[in-house]
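Remarks on the structure that follows.
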Amino acid sequence: MNKLTSVVKVLVVDDQPLIVEELNEFLESSGYRCVPCETSQQAIECFTEDADIGLVLCDLHMPGMDGIQLVKELQRIAGKERVFEAIMLTGRADKQDVIKALRAGFADYYQKPIDLDELLQGLHRQMVALQERQKGLQLGHLNQKLQYLSESIDDLYQDLDKVRRSPSPRGSSGAGLSEADRLEIPSIFNQLSPRQLDVARLVGKGQTNYQIACELGITENTVKLYVSQVLRLTHMHNRTQLALALSPSGSGLRQRVTAH
């Protein structure tokens, strides 16, 4: 790892000041930014206040709150909005302690006296693992936002269509489907929202996604989303089947779709 390239900070926790000092000096000379702590309580405070901390290097046996208890508390603080990787240091490599630590969430462990070169390699591996977890977390947040946006757009167009379809004060026909159009639509399409139905009808006319987007004033990506929703809700396999179901010549298919 090149020097001065660490984006994530390392929380170094040990009740022995000399070990904290040595690790802190070595890691910073290797390009990591470190936050030194000599107690678990101090580590909790630093982790809570500094969102850049993503790697935790801590001793297992410490007075008060040991390393396992500390990592569990940090996990509680992080919740689902933050990820970190933890490495355990121990002077007594008791097998049961190691198993307990790994089950609690430690990614790796090293026995004292520590081989600093091995530790550096281990930190780099955990840095890579952390970056992958952070990407996954960010993608999850983006998917939630896209889902919310999709639902919001659909709700918005439903509200707009309700206004368009409401009778005008002077009895004008207004926008929306004609009575003939309504009679021609198979019953399975009744479950669609007004906007989904608009997209389906334009697909039935043979229009491309681009043409539909221009006519409805939305993006092609939004059209693709609506087409996917329509196919799923009507149990159709592709837009060709959808177009046939809505075309004047597709009466046979309409009967099958209506009876689905």
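The values are calculated or read from the model by the stated rules, or taken from the named source; none is laboratory data. These numbers come from a predicted model, not from an experiment. Glycine also receives a Cβ, built like all others from the backbone with ideal geometry; neighbour counts cover every protein chain displayed.
Taking the conditions exactly as written (assigned by TED's automatic domain parsing to the domain that holds residue 105, under 17 Å from residue 89 (Cβ atoms) and touching a strand residue (DSSP E or B) at 6+ places or on another chain (Cβ under 8 Å)), does residue 52 satisfy them or not?
Here the answer is no, as residue 52 does not meet what is asked.
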Query - Search result, residues across segment 67-98 that are crowded, with 19+ Cβ neighbours inside 10 Å and part of a loop (DSSP other than H, G, I, E, B) - result: 84
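For (1) of a type outside the set (Gly, Ala, Ser); (2) modelled with pLDDT of 85 or more; (3) in the same structural domain as residue 192 (by TED's automatic domain parsing), each residue gets a yes or a no:
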site: 213; (1), (2), (3): no, yes, yes
site: 218; (1), (2), (3): yes, yes, yes
site: 223; (1), (2), (3): yes, yes, yes
site: 231; (1), (2), (3): yes, yes, yes
site: 234; (1), (2), (3): yes, yes, yes
site: 239; (1), (2), (3): yes, no, yes
site: 251; (1), (2), (3): no, no, yes
Report summary line: Within segment 122-150, restricting to residues that are surrounded by 12 or more Cβ atoms within 10 Å (Cβ to Cβ) and polar (S, T, N, Q), the one that is farthest from residue 57 (Cα to Cα) is 150
Query raised in the report: Conditions: (1) touching a residue at least 60 places away in the same chain (Cβ under 8 Å); (2) surrounded by fewer than 18 Cβ atoms within 10 Å (Cβ to Cβ). Residue 14 meets all but one. Number of the miss?
Result: (2)
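Yes or no, residue by residue, for (1) in contact with a helix residue (DSSP H, G or I) (Cβ under 9 Å, 6 or more places away or on another chain); (2) outside any loop (DSSP other than H, G, I, E, B):
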site: 101; (1), (2): yes, yes
site: 114; (1), (2): yes, no
site: 118; (1), (2): no, yes
site: 131; (1), (2): no, yes
Report task. Looking at (1) within 32 Å of the chain's Cα centre (by Cα); (2) among the polar types (S, T, N, Q); (3) over 20 Å from residue 126 (Cβ atoms), find the lone condition where residue 75 falls short. Result -> (3)
Report task. Filter segment 1-40 for residues that are in a helix (DSSP H, G or I) and within 24 Å of residue 102 (Cβ to Cβ) and give the result. Result -> 19, 20, 23, 27, 40
